[in-house]
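First comes the structure, then the notes that go with it.
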Amino acid sequence: MNVAILALNVVLAIIAAPLIDGLRRVITARLQNRAGPPVTQSWHDIAKLLRKETIPPEGAGFLVSVLPALTLTLSIAMFATISTVTTQSPIEGGGIVFIELAILSAFVFAAAGSASRNPYGVVGGSREVILATLVEPSIIVSLTTLIVLRGSTTLDDAPIGLGFGVPLLVAAVAYLLSVLAEGGRIPFDVAEAESELSGGPLMEYGGPPLAAMKLGLYVRSLALFSIPKFFLTALLPPGSLGEGLSVTVIALYLASLLLCIILVSLAESLSARFRLVEASRFYAAVLALSLVALVLVYAVPGAR
Amino acid sequence: MSGILKLLKIGVTKGRVTRRYPAERTPTPEGLRGRPVLDFDACIGCGGCATACPANALTVEEGEKTWTLRLFYGRCLMCGLCEEVCPKDAIRLSDEYELATTNREDLEVELQLLRVACSGCGKYFTTRRVLEETAVEYSELAGGYSDDFRDVITLCPDCRRRKWGETIADAYREARYES
Amino acid sequence: MKNEIVDALSERFPGSIRGVTELRENLTLLELGKEDVPRVVEYALGSLGGTHMTMAGTDYTASLDQYVIDHVLGWYDRGLLLVLRTRVQKGDESFPSVTPLAPCADWYEREVKESLGLTPVGHPNPRKLLLSDDWPDDLFPMRKGFKNEAPPPLRRDAGFTFNAPEDAGMFNIVPYGPYHFAIHEPIYFRFHVDGERIASVDLRAGFNHRGLEKIAETRMTYETVPFIAERVCGICGSVHAEAYTQALERAAGFEPPERAKWIRVAILEMERIHSHLLWLGVASHMVGFDSGLMQFWRVRDRIMFLAELLTGNRKQYGMIVPGGVRRDIREDKRETALREVSTILREYEELFDAALRLGTLKARLEGVGPLSEADARRLSVTGPLARASGVSMDARRDYPYEAYGQLEFETPVRGEGDVLARTIVRAYDTFESIKLVKQALENLPGGPVHAPIEYIPPDVTSMGLVEGPRGTDVHYLITGGEDTVYRWRVRAPTYANLPAAPLMLRGQTLADASVIIGSIDPCISCAERVIVVDEASGRQRLVSGDELRGWRA
């Protein structure tokens, strides 16, 4: 394990995640003819929450004090498995771990809702579980496709000169669509639905626990948004990137982050919220698409 | 899809509506009903505004030697009835609407006028200014500001009524004398 | 004109009608014994197709040793109003309840019971409606003897007992309110849900009750009541000011100057545009279409600026008073206004076109929260809620007032009865409103904008009907002496529409609850104006089992 890169990743993740959320808020605002908040607003929000007191909901057990921190920890742990601004990742073979952490953190978030004993939290939690059950398979399949294409379970930026082909494209599109759902924004904020459920699982949390949960959600989103970069760096010819920090990697990273954020903002400002029924249909279609990508990898000769 | 594109077009072409308040204020049109402002010099103390005010934001307290008008902006509707009713334009609605404060006293305005005593019984009965106002208006009818006129005009309503009664009685006696 | 309704009633209930008085053209008063009222009301609403407009109880114990209860029924298609008057003697403060035969009388009878102490015998759910649970049961605020001078002694033993329905164990209870992000005023809906599906609904109102009717009777004069009427509601204030003023001017037999009438139309329609744009934004927000909120409110801000230009304030215009209007519209402002209205039309049209083509939005509105035409008629709902369920009613067209008789406009009606239908009805209402404002401003006649009302006779019963954005606003007025009202009863449209909420919510999903309640366009403040509000005692109050059972409509 490369501790230096791990530390770098973790620090970058914690600093950048709220900034990425801020960028989303600004882009959405501009699409609504508003100026929007400053890009640093999400930092300020978390800082404000940290200054407030923690009031555990009445009748809830010890889990409400544990789960927020757990959500944050699991999200941060995702950054141990991938490379961000360097070509190497902190550990080898982290791809499977990444997928598992992504799924686990979603369920922990749902559990946090139920643990609060608030009826809205419980409904939100149950919605989250239903959705996770539908979305995660798409992520699993499209990430698996990426792993198969790259011929390695390590999520790093080793350039392998992969040819640009249909399987790669379809897998990338399927992944992007799945990740849109993970952001917890309209039209996919079925679980948190503020105007329906007053915030769902987040409802009973305030102060530092809420700060932990929000930061955990931001970091998780950032981790998921960090994957499209690998679809691009795999295309580079072998040996074109050195070890350590790489300007090319950083450039591609920023580009893919920007792409994800713009997609999220566009979705957020140009549609109404899905109900479970509509969301399920959407995810079923995305799952089908990701399966198609996986099949194509094996079916199309020379794809690997 | 067309809905999405049309919405995108609106979002992209209409510019930004946010105003960086308070640095940038929305222009207010002429005739905005803002907070009423009292003109101390013009007010004569008739109390018409307090009678007209539907919300009891304007109240009058008649002390012995003083007449006090209180305006509490916390209750004011900015309806403008006070302005409509005032005979002297002493209360007018301005265009100020930023009245938020953490200090209640900031919203309380007091205007105090002196009252005058009746030249007959000594009871304080009206404000000096109302008296002057009345004097000016009726002196023309009375044919000038004579001593007799001043004696009558400085009487309180009760004394004036008594004086009037005496005047009628005198005139009656005179008439009887003549016939 | 022969009154076919009165004739039909006389024929059907010979001997029950003790007196017929023509109060005014198309406003007839029938005297009935209290025993006869339920069947007459049932027949009038059912077989004769009437709409229940309002019901008011008044205390006449000082002069006549009795209370008077008036049911007002309306026939939109004939432009008729009928007052069914009955008297309850002091000492025998009860009357047979109309509710079992005509469910729309439900809330009115509960109000009369808690505010006047007249018991509706046979009412299925005679619980407190607007007064809080710790208000003393023997204190009746709308009785003339009650002096609104100090807080009453609150019942300290009023805790809450939550009685659940028999099969309650199956369901989760989801409290919707009194504070919820989606509703903008406090109101308490209690849902029993099975997963996402709502099995039954329970409703407790009364949080915004402020005692305006009592204040008007005791502390206001004829001239100042419009200012409190305007504050019944934050959004439809002018509607209430207009309804009161209409009732008062009719009681006095007074016609305002022509120019005033046209300006009143412009003001009322501007308010409608504002209200509908607000609603479109809020409804969008409720289904997660936040851009809709931002965009509709961007256009709405223009209307508010226009209002500020013409009336001096963005809301609570303070324009409509007895005698006319308070401000004239200067020529240069009129021209600015017309230009602004054209801009608003353009922006709104573009936005409406984009929003209604949005698939995800339509999916959230279509088929949601249906209300059948039969139910709409049975509950006497009004406004866009009724018109979306196929009931064509519009007080501007059917009971013409001000200058509406001389203006061209349509009243959109749709038959689907779901939230999408209500959205479309309101959206087209807005187009018609813009058309009306233009007509009014372009054709303003000359002349004065205000004339003094010489004399207002006392003891006159009068009605004011105004088509507000949410439906017909009905003001019932009995003039008093000494420049004050004797009785003023405000029946806002939401008062008639809210009882339909439980019906529309049952069987729907929790996700849709917000937008279904929102599709009534509820103005909770409008619905709760009577009597004095007491201090919150800090204790939670929940509805009892009786109330729960009562709402299984």
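The values are calculated or read from the model by the stated rules, or taken from the named source; none is laboratory data. Computed from a predicted model, the values in this text were never measured in an experiment. Heads up, the Cβs are rebuilt from the backbone with ideal geometry, glycines too, and the neighbour counts pull from every protein chain shown.
A few notes on this one:
- Tabulated pairs, the range C:429-446, first free of Cβ contacts under 8 Å to residues at least 24 places away in the same chain, second surrounded by 22 or more Cβ atoms within 10 Å (Cβ to Cβ), C-beta under 7 angstrom, 6+ apart or interchain: none
- Check on C:Arg143, at pLDDT below 95, more than 25 Å from C:Ala216 (Cβ to Cβ), touching a helix residue (DSSP H, G or I) at 6+ places or on another chain (Cβ under 7 Å) and of a type in the set (Lys, Arg): no
- The range A:53-108 - residue that is of a type in the set (Ser, Thr, Tyr) and under 19 Å from the mean Cα position of the chain (by Cα) and, of those, surrounded by the most Cβ atoms within 10 Å (Cβ to Cβ): A:Ser75
- Taking (1) over 22 Å from A:Ala106 (Cβ atoms); (2) part of a helix (DSSP H, G or I); (3) within 14 Å of chain C (Cβ to nearest Cβ) in turn, A:Ala279 satisfies each apart from (1).
- Scope the range A:217-271; condition under 15 Å from A:Thr87 (Cβ atoms), at pLDDT 85 or above and hydrophobic (A, V, I, L, M, F, W, C); matching residues: A:Phe230, A:Leu232, A:Val247, A:Val249, A:Ile250, A:Ala251, A:Leu252
- Among the residues listed as C:Phe296, C:Phe254, the single one being buried (at least 24 other Cβ atoms within 10 Å of the Cβ) and of a type in the set (Phe, Trp, Tyr): C:Phe296
- Checking B:Thr68 against (1) among the β-branched types (Val, Ile, Thr); (2) within 14 Å of chain C (Cβ to nearest Cβ); (3) touching a Leu at 6+ places or on another chain (Cβ under 8 Å); (4) more than 29 Å from A:Ser265 (Cα to Cα), the condition it does not meet: (2)
- Matching residues, the range C:334-358, being of a type in the set (Val, Ile, Thr) and buried (at least 18 other Cβ atoms within 10 Å of the Cβ): C:Val341, C:Ile344
- Residues in the range B:6-23 that are surrounded by 12 or more Cβ atoms within 10 Å (Cβ to Cβ), part of a helix (DSSP H, G or I) and of a type in the set (A, V, I, L, M, F, W, C) were compared, and the one that is farthest from the chain's Cα centre (by Cα) is B:Leu8.
Residue by residue, here is whether (1) more than 14 Å from chain B (Cβ to nearest Cβ); (2) in a helix (DSSP H, G or I) holds:
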site	(1), (2)
A:Leu8	yes, yes
A:Ile20	yes, yes
A:Arg24	yes, yes
A:Ala29	no, yes
A:Ala35	no, no
A:Asp45	yes, yes
A:Thr84	yes, no
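- The numbered conditions (1) within 14 Å of another protein chain (Cβ to nearest Cβ); (2) farther than 16 Å from C:Gly383 by Cβ; (3) in contact (Cβ under 8 Å) with a residue 60 or more places away in the chain are all true for C:Val460 except (1).
- Residues in the range B:117-156 that are within 22 Å of the chain's Cα centre (by Cα) and part of a helix (DSSP H, G or I): B:Arg128, B:Arg129, B:Val130, B:Leu131, B:Glu132, B:Glu133, B:Thr134, B:Ala135, B:Val136, B:Glu137, B:Tyr138.
- Some residue of the range C:62-73 being within 21 Å of C:Tyr399 (Cα to Cα), touching a helix residue (DSSP H, G or I) at 6+ places or on another chain (Cβ under 8 Å) and either touching a residue at least 24 places away in the same chain (Cβ under 8 Å) or of a type in the set (Phe, Trp, Tyr) (or both): yes
- The range B:43-83 - residue that is aromatic (Phe, Trp, Tyr) and part of a strand (DSSP E or B) and, of those, surrounded by the most Cβ atoms within 10 Å (Cβ to Cβ): B:Trp67
- Scanning the range A:240-262 for residues that are surrounded by fewer than 18 Cβ atoms within 10 Å (Cβ to Cβ) and either of a type in the set (A, V, I, L, M, F, W, C) or in a helix (DSSP H, G or I) (or both) yields a count of 10.
- Qualifying positions in the range C:340-389 - away from chain B (no Cβ under 14 Å) and farther than 30 Å from C:Pro103 by Cα: C:Val341, C:Ser342, C:Leu345
- Every listed requirement among (1) in contact with a Pro (Cβ under 9 Å, 6 or more places away or on another chain); (2) within 19 Å of B:Thr28 (Cβ to Cβ) is met by C:Tyr317 save one, (1).
- Residue in the range C:297-314 that is facing chain A (nearest Cβ under 10 Å) and of a type in the set (A, V, I, L, M) present: no
- Any hit, the range C:267-285, residues being hydrophobic (A, V, I, L, M, F, W, C), within 14 Å of another protein chain (Cβ to nearest Cβ) and either out of contact with any helix residue (DSSP H, G or I) (no Cβ under 9 Å at 6 or more places or on another chain) or farther than 21 Å from C:Thr430 by Cβ (or both): no
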